[in-house]
Amino acid sequence: MVTKLEKIAGPKHRFLLNMGPQHPSTHGVLRIVLEMDGEYAMAIDPVLGYGHRMHEKMAEGRPYNGFYPNTGRMDYLGAILFSHGYVGLLERMSGAEVPERAEFIRVITAELNRISSHLVGIGAYVLDLGAFTPILYAFDDREMILDMLEAITGSRLTYCYFRVGGVTKDIDDTFIRRARAFIDRMRSRLPMYKDLVTDNLIFLKRTKGIGIIDRDMAARYGITGPVLRGSGISYDVRKSEPYSVYDRFDFDIPVGENGDSFDRYVVRMEEIAQSLRIIEQALDALPDGPVMVKPKKKLKLAAGGCNYTVEAARGSLSYYLVGDGSDTPYRLKIRVPSYSNLSPLPELCKGMLLSDLVTAMGSLDLVIPEIDR
Amino acid sequence: MSGYFSELITGSKSLLVGLGVTFKALISPVVTVQYPREKIDVTSAVRGHIDLVKDEATGTHRCMVCLSCMKVCPCQCITVQGEKREGVKGKVLTLFALDFTKCSLCGLCVESCKPKAIDFSNEYELAGFTRDEFVFDLLKRVKERA
């Protein structure tokens, strides 16, 4: 049947649709311009920069320690992981010593942060698909992590906890007890998530086979993190080039098979279990001693470049700093995972139904302020 | 066709299992707190805005106007002024203002303070209508705190 619209505009009528920047499923301020053919998105053009705050430039104008609060503002869901990369970089460049206990505390808090980030990612993803309940369960679990970290770091989201030479505050017995209680609780909750979400037929139907990123495509776009592992490539910075004390822990890298939205979700779920394993081992092997070695002088780095890569919640995060001998960096380049995870979107979603596009984009678990930074 | 019916059965089963989970949550204890009416105690570690510490021994603040907090602050949100007075060793604090609209709560000022004159307050319920409400005169606050 020829519709009225087709009579006026012809059979190949296409229209532009603005998704975002204030669309709930774009998780922040991502704007996507879609060229729609009916309900099918034929061309996708992400427009970035709505949350641009010039973090890299800000780093150039202040002493090295003045950039600590900025690291947490880029990826606000995985703030500790972002701080970890920055202090790791400064320590590698300056050769500052870090007490062993501090390294263990860093691993424990970073993995807790990774779990809380994945819980938000999963909860928000299922919310995108139209199921409201699971995010409340995820936030219930996340609340325990936030309370724990609040008692140690003093903040609930944008932590500023790591310093060159250690961490600001030691963990106490209360924290260790709560962390162990959390591990037990989370392990008992994981089967519940399986019942509630993973096995749900509607969820399976909406995610399986949607937004398939094969190995070749993943490598071409430089995708990292759970998205890459969902495509079946077993790459994790914690294993491939272990930083901090990650080489001492026994954990697996979960990988998916098909690289579809469902696999990416499952990889995140399994990563929570692996993070719990790391935390448990770190708590068991926690050494005594100081948590901070204060640098004697104001930090000044020699001229030259240095790179430090960590595994953030969304993938590999690199800081590349060029020093010029002064107390401020000459240039700080930050390679964030979400940016390269977003880049396959136009190819991935070409010819997709609008509702599937939301599925595919949600499974990438993007944090837009991290892309814009 | 048989696939259709088997899917119908497994699908309905999965939905019932999911409903079972939500039903369990329905009869489990309530975790929601009705916030403005009831509150959870915050831990003493909470990093609110900074405040001058009141020294129990002298009954006043410990600031010696070294300006180290002002210099270390990445957001330039602290303003400290002092003056020389006759018969008093060192400088006397005349102004300690915090522009909380700019503060990012990194805690570098608290770490840099040698006499431990500043600390985080536990205030987290901050809301206002104008920016001026968030420029705190910390010297006035410490005097009022009797």
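The figures follow:
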| read-out | value |
| --- | --- |
| Residue list for region A:306-332, filter: touching a helix residue (DSSP H, G or I) at 6+ places or on another chain (Cβ under 9 Å), in a strand (DSSP E or B) and over 18 Å from A:Glu111 (Cβ atoms) | A:Cys306, A:Asn307, A:Tyr308, A:Ser318, A:Tyr319, A:Tyr320, A:Leu321, A:Gly323, A:Pro329, A:Tyr330, A:Arg331, A:Leu332 |
| In region A:144-188, the residues that are assigned to a helix (DSSP H, G or I), within 18 Å of the chain's Cα centre (by Cα) and within 12 Å of another protein chain (Cβ to nearest Cβ) | A:Leu146, A:Leu149 |
| Counted residues, region B:81-128 - those being assigned to a strand (DSSP E or B), more than 19 Å from the chain's Cα centre (by Cα) and not basic (Lys, Arg) | 7 |
| Only listed residue being part of a loop (DSSP other than H, G, I, E, B), within 14 Å of chain A (Cβ to nearest Cβ) and on the phi < 0 side of the Ramachandran plot, chosen from B:Thr60, B:Thr43, B:Thr22 | B:Thr43 |
| Single residue of B:Leu98, B:Leu67 found to be aliphatic (A, V, I, L, M) and touching a helix residue (DSSP H, G or I) at 6+ places or on another chain (Cβ under 7 Å) | B:Leu98 |
| Breaking point among (1) under 22 Å from A:Ile223 (Cα atoms); (2) surrounded by 21 or more Cβ atoms within 10 Å (Cβ to Cβ), for A:Ser343 | (2) |
| Odd one out for B:Lys13 among (1) within 11 Å of chain A (Cβ to nearest Cβ); (2) more than 27 Å from the chain's Cα centre (by Cα); (3) in a loop (DSSP other than H, G, I, E, B) | (3) |
| Selection from region A:274-294 of residues that are under 28 Å from the mean Cα position of the chain (by Cα) and either outside any loop (DSSP other than H, G, I, E, B) or acidic (Asp, Glu) (or both) | A:Gln274, A:Ser275, A:Leu276, A:Arg277, A:Ile278, A:Ile279, A:Glu280, A:Gln281, A:Ala282, A:Leu283, A:Asp284, A:Met292 |
| Qualifying residue in region A:108-125 (condition: within 14 Å of another protein chain (Cβ to nearest Cβ), basic (Lys, Arg) and in contact with a helix residue (DSSP H, G or I) (Cβ under 7 Å, 6 or more places away or on another chain)) | no |
| Set A:Ser25, A:Ser83: member being surrounded by fewer than 22 Cβ atoms within 10 Å (Cβ to Cβ), under 21 Å from the mean Cα position of the chain (by Cα) and either within 14 Å of chain B (Cβ to nearest Cβ) or at pLDDT below 85 (or both) | A:Ser25 |
| Which listed residue is more than 30 Å from A:Gly154 (Cβ to Cβ) and in contact with a Phe, Trp or Tyr (Cβ under 6 Å, 6 or more places away or on another chain), from A:Val255, A:Val197, A:Val227 | A:Val197 |
| Any pair with Cβ under 9 angstrom, 6 or more apart, that starts in region B:46-62 at a residue that is free of Cβ contacts under 8 Å to residues at least 40 places away in the same chain and ends at one that is part of a loop (DSSP other than H, G, I, E, B) and among the basic types (Lys, Arg) | B:Asp55/B:Arg62 |
| Number of the exception - B:Lys54 against (1) surrounded by 14 or more Cβ atoms within 10 Å (Cβ to Cβ); (2) of a type outside the set (A, V, I, L, M); (3) within 30 Å of A:Ala59 (Cα to Cα) | (3) |
| Long-range neighbours under 6 Å by Cβ, at least six apart or interchain, first residue more than 8 Å from chain B (Cβ to nearest Cβ) and in contact (Cβ under 8 Å) with a residue 12 or more places away in the chain within region A:193-208, second of a type in the set (Gly, Ala, Ser) and in a helix (DSSP H, G or I) | A:Thr207/A:Ser261 |
| Pair list, Cβ < 7 Å and 6+ apart or interchain, from region B:103-127 residues that are away from every other protein chain (no Cβ under 14 Å) and farther than 16 Å from A:Thr153 by Cβ to residues that are assigned to a loop (DSSP other than H, G, I, E, B) and hydroxyl-bearing (Ser, Thr, Tyr) | none |
| Qualifying residue in region B:86-93 (condition: over 23 Å from A:Leu146 (Cα atoms) and either within 14 Å of another protein chain (Cβ to nearest Cβ) or in contact with a helix residue (DSSP H, G or I) (Cβ under 8 Å, 6 or more places away or on another chain) (or both)) | yes |
| Search result, residues across region A:253-273 that are free of Cβ contacts under 8 Å to residues at least 40 places away in the same chain and assigned to a helix (DSSP H, G or I) | A:Asp263, A:Glu270 |
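Each row is one residue, and each column tells you yes or no for (1) free of Cβ contacts under 8 Å to residues at least 12 places away in the same chain; (2) over 27 Å from A:Lys169 (Cα atoms); (3) not hydrophobic (A, V, I, L, M, F, W, C).
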site: B:Gly18; (1), (2), (3): yes, yes, yes
site: B:Phe23; (1), (2), (3): yes, yes, no
site: B:Ile27; (1), (2), (3): yes, yes, no
site: B:Glu38; (1), (2), (3): yes, yes, yes
site: B:Asp41; (1), (2), (3): yes, no, yes
site: B:Val65; (1), (2), (3): no, no, no
site: B:Cys69; (1), (2), (3): no, no, no
site: B:Cys75; (1), (2), (3): no, no, no
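The values are calculated or read from the model by the stated rules, or taken from the named source; none is laboratory data. Treat the numbers as computed from the prediction; the structure is a model and nothing was measured. Note that each Cβ is placed from the backbone with ideal geometry, even for glycine, and that neighbours are counted across all protein chains shown.
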